[in-house]
Each structure stands twice: as structure tokens, then as C-alpha cells.
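Undergrad: Please read through the structure below; I'll follow up with questions.
Just so you know, all these numbers are worked out from the coordinates, no wet-lab data involved. Quick caveat: nothing in here was measured; it's all calculated off a predicted structure. Using ideal geometry, Cβ is built from the backbone for each residue, glycine included, and neighbour counts are taken over all protein chains shown.
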Amino acid sequence: MGGCVSIDIPCDKVVSQAYSCLFGDGNYIHMMKANLKALETTMQELRDRRDDVLRRVSIEENKGLERLAQVKGWLSSVASIDSQVSDLLREEPTETKRLCLFGYCSKKCKASCEYGKKVSEMLEEVKSF
């Protein structure tokens, strides 16, 4: 009799994660371009707000007032997130070149999904300012 070899590969989790990444709530790959554009716009608005605050702080400091710790902390947080966003956006050309099938898929699916998730999370963080 012929032997039958059976290999049990639990792929439910892999398929589930791939489906979630491509079509689920995250939809990180397909939404990547839109999220990148929104991240750039939102970050520019935050930079403009930072510049306005710095201008007001400078005026008040010239009057002899001191910068509040809360203002220092906020400005520090904005500088930190600005740096993180810049780092993320440096990868944009590479990541968007990987997209195929009208942005629904990627040549490196896992890497693009992770990048898309980072972009989405960073967008939410910038919006929270």
C-alpha cells in the first residue's frame, strides 16, 4: 500500500493576519498612500501650531516672563514626534514602490503591512496633539 504523508501546518493565524492586513479594519497596505498624505498634512499643521506657540512664547519671554514647564514639555514632545514622522516619511518612496494591484497588495506584504501600521499609528498620535 502506498504511504500517505500528512503535514499539519497551522496557517489559520497567518491567513487571518494577511486578510486583516489587506482587507480588515487595519487595511494598512491599501490605506498606506492616503494615510501618508494625511500624516504629512497633519504634521505640517502641528508644526504651524508649534511655530505659533514659539512666537507667542518669545513675545512673552521678551516681556520678562518665563516659559512654563508644561510648554517646554509640549514643545519637546512635538520635536520628538516630528523626528519620528520624518524618519517614517523617509521610507515612503521605497514602500510605495512596492505596492501593486492598485495598492491592495505589496511585493513585500509583511514589511508593507508593518510600515502601513506604523503610519496609521503615527497619524493617530499626531492627531492627538
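Undergrad: Which of Lys117, Lys97, Lys127 has the fewest other C-beta atoms within 10 Å, and how do the rest follow up to the most?
TA: Lys97, Lys127, Lys117
Undergrad: In the structure shown, do any of Lys63/Lys127; Lys33/Lys110; Lys33/Lys127; Lys72/Lys117 have a Cα-Cα gap over 22 Å, and if so which?
TA: Lys63/Lys127; Lys72/Lys117
Undergrad: Highest mean first, what order results for 109-116, 54-61, 43-50 on Cβ atoms within 10 Å?
TA: Output ranking for 109-116, 54-61, 43-50: 109-116, 43-50, 54-61.
Undergrad: Would you list which aspartates and glutamates come within 16 Å of Lys118, measuring only between C-alpha atoms, while excluding same-chain residues fewer than 8 positions from it?
TA: Hits, sequence-local ones excluded: Asp25, Glu40, Asp82, Asp87, Glu91, Glu92, Glu95.
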